[in-house]
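S.K.: Below: one structure in structure tokens.
The values are calculated or read from the model by the stated rules, or taken from the named source; none is laboratory data. This one's a predicted model, so the numbers in the text were calculated from it and none came from an experiment. Cβ: placed from backbone, ideal geometry, glycine included. Neighbour counts: every protein chain shown.
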Amino acid sequence: MSVPSATAVRELLTALSAREQKIVLGLFAVMIRFPDRVREREWMSEQLTHLALLAGDFEADSVEHGTEEVRSFLHERSGAMEGAATALFARVAADLAPRIEVEGFTAEDAMGHALSLLVPAPPVCDNEADSRKNRNLGEQPIARVMADRSLTPNDLVRASDEQLTHKMVTRAMRGRRLTANTMDKVVRALARATGDDLTRAELFDYEP
């Protein structure tokens, strides 16, 4: 495992959101407890999934939807998070290596050093914090498209073959922030219900 510079590690961590940084630190803590398993990709993926479930603020109206939310998040961000955790592990191990034979070090020492490399995600202003908390981006174009065609959320649910729920569609219409995966399910359901191939950009005014 090559050892990245402290600057490179900080850059990787800075590119993450506050939630992702929290998950990375959790994964780092697990890695220093089980260093012999760090190279096991399946084990690392399992730990990352578990930590994402604990640290994420995923909203779901069913177990299936919640699982899909987490899966979509990990599909998009697991590479960046695992890469940052691995780089952090290598850097901290290299920095503390000289102490091993002299005095040793504890897990607390390792975590303290890791935190010294962390540049916390910048705080958000009140409006941004409220927006993230409520995830309400305002009525979306899809709501007007559906109204023009006299469609209800149930019409899209019936048209979908991907376990789309009424709550997912109403969230889409009201501007509750969706993952890319859920958004695409809604887009495909609308296409099946109307026969019109409208793009994501035509139906939503934000990117997931």
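S.K.: Keeping to region 178-208, report how many residues are under 17 Å from the mean Cα position of the chain (by Cα), buried (at least 18 other Cβ atoms within 10 Å of the Cβ) and outside any helix (DSSP H, G or I).
M.R.: 2
S.K.: Still on this structure: Only one of (1) under 30 Å from Ala18 (Cα atoms); (2) part of a helix (DSSP H, G or I) is not met by Leu156, so which one is it?
M.R.: (1)
S.K.: Related question: Which of the residues that make up region 85-106 are outside any helix (DSSP H, G or I) and either in contact with a helix residue (DSSP H, G or I) (Cβ under 6 Å, 6 or more places away or on another chain) or not β-branched (Val, Ile, Thr) (or both)?
M.R.: Of everything in region 85-106, those that are outside any helix (DSSP H, G or I) and either in contact with a helix residue (DSSP H, G or I) (Cβ under 6 Å, 6 or more places away or on another chain) or not β-branched (Val, Ile, Thr) (or both) turn out to be Glu101, Glu103, Gly104, Phe105.
S.K.: It is to be established whether one or more residues within region 140-151 are under 24 Å from the mean Cα position of the chain (by Cα) and closer than 26 Å to Val70 by Cα.
M.R.: Yes, because at least one residue in region 140-151 is under 24 Å from the mean Cα position of the chain (by Cα) and closer than 26 Å to Val70 by Cα.
S.K.: Related question: For region 161-174, give me each residue that is surrounded by fewer than 20 Cβ atoms within 10 Å (Cβ to Cβ) and not in a helix (DSSP H, G or I).
M.R.: Of everything in region 161-174, those that are surrounded by fewer than 20 Cβ atoms within 10 Å (Cβ to Cβ) and not in a helix (DSSP H, G or I) turn out to be Asp161, Glu162, Gln163, Thr165.
S.K.: Quick one: how many residues across region 107-124 are farther than 29 Å from Glu202 by Cα, at pLDDT below 85 and assigned to a loop (DSSP other than H, G, I, E, B)?
M.R.: Selection size over region 107-124: 5.
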